[in-house]
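The values are calculated or read from the model by the stated rules, or taken from the named source; none is laboratory data. Since the model is a prediction, treat every value here as computed from it, not as a measurement. For neighbour counting, all protein chains shown are included, and Cβ atoms are generated from backbone atoms with ideal geometry for every residue, glycine included.
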Amino acid sequence: MIDVRPIRREEAEEFLRLLCDVFQLDYRRAEQVFFTEPMFDLSRKWALFEGPRMVSILTTVPVEFGWGRGFGIAGVATRPERRREGLAAVLLERVLERSAKQGEAFALLFAQDPRLYERLGFVVLDRVVRARLAWHNGKRMGEPLSLERVQAIYDAWAAGHPSRLRRDARRWSFWRWNLRVSVEVPGGYACVEGETLREAVADAPLRPNGLALGNRWYGLSTMAERLELPLADAETAMLFMGRGVPDLPQMYLTDQF
């Protein structure tokens with residue numbers, strides 16, 4: 001008999017082990033993150049059980065835009081020996097149905113293979129790209145901004161259009177937990193991790209202007225276009241897909257679920 005429900009605390013280890021087995025993650029390292037990250041919520045760790053055995057899993061993450069509440073889907077995984085039986089589709093259908101009843105009207109996800117999700121009504125909205133930034137990068141970093149200043153700039157930007165992702169207190173805790181570093185740029189800030197520009201709220205077009213703003217971009221193709229970034233050698237890393245979405249979402253991969 002098949003049962004679909006959120007997991008219980010005593011089932012969390014089995015959930016994580018299945019996730020690690022499918023995605024080839026080191027369990028000990030994953031365990032340190034799994035139970036401590038600010039977005040952790042057992043009620044959003046869904047599993048399909050066949051009798052007492054956990055067979056297929058996924059995680060949902062709440063998201064909110066100006067046009068309403070929805071959720072992101074991550075970590076869809078099925079035991080290797082049970083793949084191609086339609087179990088992930090059953091799990092997804094049940095989660096989509098129950099989430100809709102709870103007022104989460106749309107769903108988003110990142111996928112490398114869209115076929116399963118297209119059968120469930122998802123459409124490709126955008127592409128996640130990795131690309132070299134074709135600009136001469138300076139060596140001087142700008143002054144790091146406080147989280148409070150970054151939050152004020154971002155929240156004002158998000159409020160400026162209904163299709164921009166809102167960040168609540170929990171999401172900002174997640175930002176702090178990931179030790180995001182942002183520097184001031186004309187009209188806003190830029191978030192740089194190593195050599196990669198991950199996020200920017202700025203007067204377009206964004207240019208280094210003597211600042212070290214990264215040599216690569218990792219994010220949505222349309223967000224790069226909005227910032228007029230000079231992308232070169234762009235490669236598609238994933239597809240951004242949605243179901244029931246009224247408009248093209250504007251968000252950064254710093255909020256990836």
request  = Examine segment 213-225 for a residue that is in contact with a Cys (Cβ under 6 Å, 6 or more places away or on another chain) and either assigned by TED's automatic domain parsing to the domain that holds Y154 or not in a loop (DSSP other than H, G, I, E, B) (or both), and state whether such a residue exists.
outcome  = no
Taking first residues from segment 74-102 that are on the phi > 0 side of the Ramachandran plot and second residues anywhere that are surrounded by 15 or more Cβ atoms within 10 Å (Cβ to Cβ) and at pLDDT 95 or above, the pairs with Cβ under 7 Å that are 6 or more apart or on different chains are G75/L19; G75/I57; G75/L58; G75/T59
Flagged pairs (Cβ under 6 angstrom, 6 or more apart or on separate chains; first in segment 167-187, surrounded by 12 or more Cβ atoms within 10 Å (Cβ to Cβ); second small (G, A, S)) are V183/G142; V183/A190; E184/G142; V185/A202; G187/A202
Of (1) at pLDDT below 95; (2) farther than 24 Å from L96 by Cβ, Q256 fails just (2)
- Task: Determine, yes or no, whether L109 is touching a residue at least 40 places away in the same chain (Cβ under 8 Å), more than 20 Å from Y218 (Cα to Cα), surrounded by 20 or more Cβ atoms within 10 Å (Cβ to Cβ) and in contact with a strand residue (DSSP E or B) (Cβ under 6 Å, 6 or more places away or on another chain).
- Result: no
G142 vs (1) closer than 24 Å to I73 by Cβ; (2) buried (at least 18 other Cβ atoms within 10 Å of the Cβ); (3) at pLDDT below 95: all pass except (1)
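Would you confirm whether any residue within segment 190-210 is assigned to a strand (DSSP E or B) and over 19 Å from the mean Cα position of the chain (by Cα)? Reasoning before the result, please.
Filtering segment 190-210 for residues assigned to a strand (DSSP E or B) gives 190-193, 196-201.
Within this subset, residues satisfying the condition of being over 19 Å from the mean Cα position of the chain (by Cα) are none.
No: zero hits.
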Note on F257: of the conditions (1) within 30 Å of V95 (Cβ to Cβ); (2) crowded, with 20+ Cβ neighbours inside 10 Å, unmet is (2)
